[in-house]
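The values are calculated or read from the model by the stated rules, or taken from the named source; none is laboratory data. These figures come from a predicted structure and were not determined experimentally. No Cβ is skipped: glycine too gets one built from the backbone with ideal geometry, and neighbour counts run over all protein chains shown. Keep in mind that these areas ignore ligands, DNA and RNA; they rest on the heavy atoms of the full protein, side chains included. Shrake-Rupley method; radii C 1.70, N 1.55, O 1.52, S 1.80 Å.
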Amino acid sequence: MSEAGSEWQDMADALSAFWRDAGVDLTFADAPRDWLAENAAKTAPKEKDRTRPAVNVPPPVPLGPAAPATPAIAADRTDLPADLDAFAAWWLADPALDPGPVARRVAPRGTAKAPLMVIVAEPEGGDTDTLLSGPQGVLFDAIERAMGFTPNAVYRASALPRPTPAADWEAVGNAGMGAVLRHHVALGDPERLLVLSREAIGLLKPERFEGDGTGALAINGREIPLLAAYPLAQLLERPSYKRIFWQRWLAFAHPA
């Protein structure tokens with residue numbers, strides 16, 4: 001294995017170890033799988049042992065329309081917006097970003113060169129005009145104050161433009177949304193990154209990532225320190241996660 005391949009494997013192992021520590025040890029897939037057919041194939045008698053011809057069972061009929069394919073976004077696009085205001089308008093309108101309803105999209109908010117940029121997987125279900133305007137947003141407002149920032153000092157962004165339950169993250173990555181997310185970070189140019197989403201970390205592919213959730217993203221000729229932590233929904237549901245998150249934040253923001 002090449003040196004570059006070894007470094008990538010080390011980072012992938014560290015990422016997996018971090019999420020196992022967070023209690024995330026399962027993967028999920030949206031593609032249907034015919035478990036009955038697979039089991040029948042395993043238990044079917046061999047050809048020479050059959051006493052009667054097999055019955056041809058027609059394939060299952062889908063119960064609803066197939067989900068639209070995620071459009072491809074070339075990773076080397078040169079027409080991506082050149083500033084945050086243009087990016088927000090593009091984020092709300094470009095049809096190539098997402099096959100779902102444009103009306104459900106929610107723009108990021110904040111200003112460039114913020115002391116911190118937080119990235120969540122997607123807007124809250126009730127978000128309309130403002131990202132993180134529901135219970136998760138209320139929690140993050142409290143976190144922002146506890147961190148010592150003035151209200152709305154933190155730049156807030158999402159990896160997806162609209163609420164997308166059970167999103168096909170493999171398809172999202174293949175469509176080029178990782179390049180879009182890294183471009184978004186480059187435009188924001190924050191001092192630090194807080195990534196509250198395993199999926200967003202997978203899209204960003206940080207150049208450095210450690211087992212404790214810390215790492216760095218190489219953007220604009222510099223390394224932006226980052227911390228990966230539990231999603232806000234988990235912080236709301238499990239108070240013990242808040243304590244763990246706060247300890248990790250303090251060690252990240254104020255290293256010894």
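Of the whole protein surface, Phe252 contributes about 30 Å² of accessible area at a 1.4 Å probe radius. Charge tally for Arg105 (other residues, Cβ to Cβ under 12 Å; Lys, Arg +1; Asp, Glu -1): -3.
Length gained on full extension, Ala186 to Glu223, computed as 0.36 nm times the residue gap minus the Cα-Cα distance: 12.2 nm. Accessible surface computed residue by residue for segment 116-233, with neighbouring protein chains in place and a 1.4 Å probe, gives 36 Å² per residue. Computed from backbone phi, the HN-Hα couplings of segment 173-187 come to x, 5, 6, x, 5, x, 5, 5, 5, 5, 5, 4, 4, 4, 5 Hz, rounded to whole numbers (Karplus: 6.51 cos²θ - 1.76 cosθ + 1.60, θ = phi - 60°; Gly and Pro given as x). Rounded to 0.05, the FRET efficiency of the Asp79 and His254 pair, given R0 = 30 Å and the Cβ-Cβ distance, is 0.15. For a paramagnetic label modelled at 7 Å from the Cα of Ala171 toward its Cβ, which residues of segment 98-118 fall within the zone defined by backbone nitrogen distances under 12 Å? Residues 98-100 qualify, since their backbone N sits under 12 Å from the label point. Need one word for segment 99-256: rounded, prolate or oblate. Basis is the Cα gyration tensor (sqrt eigenvalues a ≥ b ≥ c); a/c below 1.5 gives rounded, then a/b vs b/c decides. Note, shape of segment 99-256 comes out rounded.
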